[in-house]
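Trainee: Mind having a look at this structure? Questions to follow.
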Amino acid sequence: MNRERLTPDRIRRLTLPEGAGQSFTWDTDAPRLAVRVTAGAKSFIFESKLNRQTVRVTIGDVRAWTLSAARDEARRLQTMIDQGIDPRQEKRDRIAAAEAKIEEAKRIAAPAVEAWQAYLAARAPRWSPRSLLDHQRLSDPGGIPKTRGRKPGEGDTTQAGILLPLLALPLEQIDADRVRAWLKDEALRRPTQANNAFVRLRAFLNWCADRPEYRNQVHAGACSTRMARDELPKKIAKDDCLQREQLPAWFAAVRQVGNPVISAYLQTALLTGARREEVAGIRWEDVDFQWRSMTIKDKVDGERTIPLTPYVASLLAALPRRNEWVFSSPTAASGRLQEPRIQHNKAVTTAGLPALSIHGLRRSFGTLAEWVECPAGVSAQIMGHKPSATAEKHYRVRPLDLLRMWHTKIEGWILEQAGVPHEAGHDPGTLRVVK
């Protein structure tokens, strides 16, 4: 073993003996310190014994470490050995702690949308597909070509999700001031969406507050109830609805719509009270003309089966079977009807009626059903509303035949008030509408 008092000049003059892979020169001032010379490199190393096992640690390159600093480090490492601590493990722990600190800093600086995606993944099993889709749209980047009609002033692509400006920030930056500024701006442009997004944002932040990896980044009170009360306009319930005396004009205009698919769609929407997308999503396999039933993909419960009433059956039986969709469209990428509003708005204008939305047809069904004294629970079950009382939830199990009796009565009364000639005594699959 070559041992001598190391000096900067001696270290500079050290060379690798010919034929050797490495050589060591040990210091006399710090006995566990040596300079190791290899092909093209010189470095300070420390070597000692721990539990009769050789422990060697590379301190660093001689160009990066001064001799004095290397000696101090060698003495520190020997002190650890004397305490029974393996300096190699201490170094690994120190590196791991530094890396963990870097990763934690990255995670804290990461946009909140990453936590949002983790939230969606964790909650998805408890949500309906529709609810999950609604949450996903809140953070959607937008820019997708639109498949439905555009409102005046809108572009050809979808807008970014309403929560995206907030979720693009780190979670610790989403405080009450930022949420208030966002809410004030969005409430002016789209108050209903702003209210829905605010409620979901609050649920998301509450979830983060319960998670150890996020709780230190969440600001308590970022979504206070007072904030929503101050910044959001009061809710005004929509009341667009067809009145009994308006039925003749509406049916006359809708039956004159040039596209028979849209005409049938609008009449079916009114006479079933189903939601807009529930009607548009009906497939031929969902319609049973023999047993007079129709299965609808329910927004809330997944699906529900309702009666196939005579007049609706006649409308559907007359439609072309281009593909799997009842309300098909040869021009839509999906193969089914996407935008019935344009033709409906034209029909409403032609009929001289007040503005009426597609959802207003659903509201009309529920309202008009009361004229025949239909039990509220029956119309609610047909429309897919959640039971609103204990008796409805637990003590009313209505068979399809009972629903059919009332549904047929509702349809017949509406058609009678509208002055629409129809024959109600034929088999639904062959029922003929009187022109």
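Each value in this text was obtained by applying a stated rule to the coordinates, not by laboratory testing. Predicted model, so just to flag it, every value in this text is computed and none were measured. For neighbour counting, all protein chains shown are included, and Cβ atoms are generated from backbone atoms with ideal geometry for every residue, glycine included.
Trainee: Hey, what angle do you get for helix 260-272 against the long axis of the chain, alpha-carbon based, 0 to 90 degrees rounded to 10?
Mentor: Taking the Cα atoms of the chain, the angle to 260-272 is about 90 degrees.
Trainee: Moving to a separate point now. Give the shape of the range 112-231 as rounded, prolate or oblate, defined through the alpha-carbon gyration tensor: a ≥ b ≥ c are the square roots of its eigenvalues, a/c under 1.5 means rounded, and otherwise the shape is prolate if a/b is larger than b/c and oblate if not.
Mentor: Because a/c hits 1.5 or more and a/b fails to exceed b/c, the range 112-231 counts as oblate.
Trainee: Once R0 is set to 35 Å, what does the formula 1/(1 + (r/R0)^6) return for the Cβ-Cβ distance between residue 86 and residue 117, expressed as a FRET efficiency to the nearest 0.05?
Mentor: E(calc), rounded to 0.05, equals 0.30.
Trainee: Using helices alone, I'd like the mean residue ellipticity at 222 nm for the chain: each DSSP H run of four-plus residues gives -39500 (n - 2.57), total over residue count, nearest 500.
Mentor: -14000 deg cm²/dmol
Trainee: Related question: Where does each of 214, 265 land when they are ranked from fewest to most other beta-carbon atoms within 10 angstrom?
Mentor: Listing 214, 265 from fewest to most nearby Cβ atoms yields 214, 265.
Trainee: If you take the charge dipole of the chain about its Cα centre, with +1 on Lys and Arg Cβ and -1 on Asp and Glu Cβ, which of 361, 179, 125 is farthest toward its positive end?
Mentor: Most positive-ward Cα: 179.
Trainee: If you don't mind, another one. Quick one: work out the % antiparallel among DSSP beta bridges in the chain, nearest 5.
Mentor: If we restrict to bridges inside the chain, about 90 percent are antiparallel.
Trainee: Can you list the residues, at least 5 places off or on another chain, whose amide H is less than 5 Å from the amide H of residue 422, using H built in the peptide plane?
Mentor: Under 5 Å from the amide H of residue 422 lie the amide H atoms of 434, each far enough along the sequence or on another chain.
Trainee: Would you be so kind as to identify which of 218, 20, 412 lies farthest towards the positive end of the dipole of the chain, taking Lys and Arg as +1 and Asp and Glu as -1 on Cβ and the Cα centre as origin?
Mentor: Sorting the options by dipole projection puts first 20.
Trainee: Using the basic label-point model (7 angstrom from Cα toward the beta carbon), what is the residue 245 to residue 58 distance in nanometres?
Mentor: Once both label points are built, they end up 9.5 nm from each other.
Trainee: Taking 35 Å as R0, compute the FRET efficiency from the Cβ-Cβ separation of residue 16 and residue 99 and round it to 0.05.
Mentor: Rounded to the nearest 0.05, the efficiency is 0.55.
Trainee: To the nearest 10 degrees, how steep is helix 87-109 against the longest Cα principal axis of the chain, on a 0 to 90 scale?
Mentor: 30
Trainee: Using only the Cα atoms, work out Rg/Rh for the chain, with Rh taken as the Kirkwood radius, to two decimals.
Mentor: Rg/Rh: 1.31.
Trainee: If you don't mind, another one. Take the residue pairs 346/409; 297/346; 238/346; 238/386; 238/409 and return only those whose Cα atoms are more than 23 Å apart.
Mentor: The pairs that break the limit, which is 23 Å between Cα atoms, are 346/409; 297/346; 238/409.
Trainee: Counting other beta carbons within 10 Å of each residue's own, what order do 422, 135 fall into, fewest first?
Mentor: 422, 135
Trainee: Provide the net charge surrounding residue 28, with neighbours chosen by a C-beta distance below 12 Å and charges set as Lys +1, Arg +1, Asp -1, Glu -1.
Mentor: Taking every other residue near residue 28 into account, the sum is +2.
Trainee: Could I ask something else about it? With +1 on each Lys and Arg Cβ and -1 on each Asp and Glu Cβ, how big is the dipole of the range 244-430 about its Cα centre, in debye rounded to the nearest 20?
Mentor: That gives the range 244-430 a dipole magnitude of about 420 debye.
Trainee: How big is the dipole moment of the range 230-270 about its Cα centre under a simple scheme where the beta carbon of each Lys and Arg is +1, that of each Asp and Glu is -1, and everything else is neutral? Debye, nearest 20, please.
Mentor: 200
Trainee: So, one more: log₁₀ I(q)/I(0) of the range 244-430 at q = 0.09, 0.10, 0.16 Å⁻¹, via Debye over equal Cα point scatterers, no solvent, to two decimals?
Mentor: Log10 of I(q)/I(0), two decimals: -0.30, -0.37, -1.01.
Trainee: Using the charge dipole of the chain (Lys, Arg: +1 at Cβ; Asp, Glu: -1 at Cβ; taken about the Cα centre), state which of 343, 164, 199 has its Cα farthest towards the positive end.
Mentor: So the residue we want is 164.
Trainee: Give the order of 275, 229, 3, 363 when sorted by the count of other beta carbons within 10 angstrom, beginning with the fewest.
Mentor: Exposure proxy ranking, most exposed first: 229, 3, 363, 275.
Trainee: Taking the Cα centre of the chain as origin and charging only Cβ (+1 Lys, Arg; -1 Asp, Glu), how large is the dipole, in debye to the nearest 20?
Mentor: 640
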